[in-house]
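See structure below.
The values are calculated or read from the model by the stated rules, or taken from the named source; none is laboratory data. The structure presented is a predicted model; accordingly, all values stated were derived computationally and were not measured. Note that we place each Cβ from the backbone using ideal geometry, even for glycine, and neighbour counts take in every protein chain shown. What goes into the accessible areas is simple: the full protein's heavy atoms, side chains included, and nothing from ligands, DNA or RNA. Shrake-Rupley method; radii C 1.70, N 1.55, O 1.52, S 1.80 Å.
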Amino acid sequence: MSNLRLPLSLLALLTLQLSVWQWGLSYEHLLTLSGFLAINFMSLTMLLAMRPKWLEFPLGGLDKMYHLHKWTGILGAVFATAHWLIEMADDHIQDLFGKERSLREAHFSGLLDSLQDLAEDLGEPGLYLLLALVVLTLIRWVPYRFWRYLHRIMPLIYLALASHAVLLAPLSWWQQPTGWLMAVFIFGGCVASLQSLTGQIGKTRRWKGLVRAVRQASHTTTEVVCEMGKNWPGHKAGQFALVTFDWSEGAHPFTLASTDQKDGLLSFQIKALGDYTRTLPHRLYSGSKVTVEGPYGCFNPEKGRTKAQQIWVAGGIGVTPFLAALESRLINTDKTYPAVTLHYATQLATDDPNAARLQTLVEQLPDITLQIHQSQQGQWLTADQLQIHHTKVDVWFCGPQGLATTLRNGLADMSISLRFHQERFEFR
């Protein structure tokens, strides 16, 4: 189901919009339909950016919510481009399909007329800015610390395009489900835009604390322990948080690498994957201020199906949610847990402190079987090495996308009922 959540969500959103559309074939029908879909998908993009807590569970977590946010934004840009192209080719399309007077834009007088002219003038430059930001987001040429400031103008672009849609929509829409649905979406999008512009998104889930320890776990990984005090609401193994060490850099998602022991201490293992994470060991010290937003996520490796073979797969720094899950098992001894095989893919176990930590934890947990695969020893993890022996299998994966793709492709060839659980930390 997790693999189909995104396409099914997009299909449901598209079906909802088309279900209230009054079909026809004319220049005005094509123009207004493309504009209707464009502003609705842009509104949904803004709503998802609010990180509404009530949507986490049905969408599978904040990571899936942001993945949907990315694709609703892409669809909004696609339909907005189609809207502009249809308008540019108005004479040719009218020659082919004719006109529909009932769908022509509203005509006002006085102040509304001036506002309508302004909204019409904002449409084309708003589209150009929208496309530019979408392209910059997708190609990732701009470093994150700069891109996040560019992305902050998106609410302003949205508000301009929303005014374009409201003032140029046919008057008949506002007495029909078509207009009602668009009005609901635009209202939500405007609320989200104002929250974004005033810095309110996620504010109720932000907690201030101090860095208590910074340790170099390996030459590529830094362990940071934060003290959040009694206000921290607690977290579950497998969840993550948006962590801000430097306001100029902004928040980054890091998995919580320790179980919740009700003491307000959070542990993060941060791998040097970019300019910012490489410099963290030199920037942080005991007493540094930190802001943690969360916890987020629905990645819970203990929620497997009954009587299904449980397999956990960790690749590199992706071991962090499983470290928290193993610690949770040690602390919560009153619970019954299913047997699990944990596969850990690393370069070399002797150079990896997490390999030793895993072995220490597993020695105390008889229901956990640990298998370590060392790439420098030629021990590459494949689907065959997962040792599938049930027809019903739950795989919980956290690691590089390349390894996930390899395992998915290998498991797809097997006649099994498979659920492959994987978080997506590509929030951009």
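Assorted remarks:
- Carbon-plus-sulfur accessible fraction, the chain (probe radius 1.4 Å, protein heavy atoms only): 59%.
- On a per residue basis, the chain carries 50 Å² of accessible surface, using protein heavy atoms and a 1.4 Å probe.
- C-alpha long axis of helix 154-168 to longest principal axis of the chain, angle in °: 30 degrees
- Computed packing ranks the peptides 288-296, 408-416 as 288-296, 408-416, most packed first, by mean other Cβ atoms within 10 Å.
- Value in Å of the Kirkwood radius, where the stretch 191-292 supplies the Cα pairs that are averaged: 14.3 Å
- Ligands, DNA and RNA excluded, the heavy atoms of PHE97 present near 90 Å² of accessible surface to a 1.4 Å solvent probe.
- Whole-angstrom gap from the stretch 31-88 to the stretch 309-387, using each part's C-alpha centre: 38 Å
- Eligible lysines near LYS64 by straight Cα distance, threshold 25 Å, same-chain separation 8 or greater: LYS53, LYS203, LYS236, LYS271, LYS303, LYS392
- Among the chymotrypsin sites (Phe, Trp or Tyr not before Pro) found in the stretch 122-208, those both in a DSSP coil and sparsely packed, with 11 or fewer other Cβ atoms within 10 Å of their Cβ, are TRP141.
- The angle between the Cα long axis of helix 177-197 and the longest principal axis of the Cα atoms of the chain comes to about 60 degrees, rounded to the nearest 10.
- Here the chain is treated as an ellipsoid with the same Cα gyration tensor; its semi-axes, largest first and in whole Å, are 47, 25, 19.
- Helix-only CD estimate at 222 nm, as mean residue ellipticity for the chain, using -39500 (n - 2.57) per DSSP H run (n ≥ 4): -14500 deg cm²/dmol
- Between the helical axis of 401-412 and the longest alpha-carbon principal axis of the chain there is an angle of about 90 degrees.
- When the residues HIS343, HIS282 are ordered by accessible surface, computed with a 1.4 Å probe over the protein chains alone, the sequence from largest down reads HIS282, HIS343.
- Cleavage-rule hits, chymotrypsin sites (Phe, Trp or Tyr not before Pro), the stretch 215-247, DSSP coil, Cβ neighbours within 10 Å at most 10: TRP247
- Taking θ as phi - 60° and the Karplus parameters 6.51, -1.76 and 1.60, the scalar couplings of the stretch 132-138 work out to 4, 5, 5, 5, 4, 5, 6 Hz in sequence order, x denoting glycine and proline.
- Net charge of the neighbourhood of ALA192, taken over other residues with C-beta under 15 Å away and scored Lys/Arg +1, Asp/Glu -1, is +4.
- Among beta bridges identified by DSSP and lying wholly in the chain, the antiparallel ones come to about 50 percent.
- For the stretch 355-428, GluC sites (Glu not before Pro) are listed when DSSP marks them as loop and at most 13 other Cβ atoms sit within 10 Å of their Cβ; the list is GLU363, GLU426.
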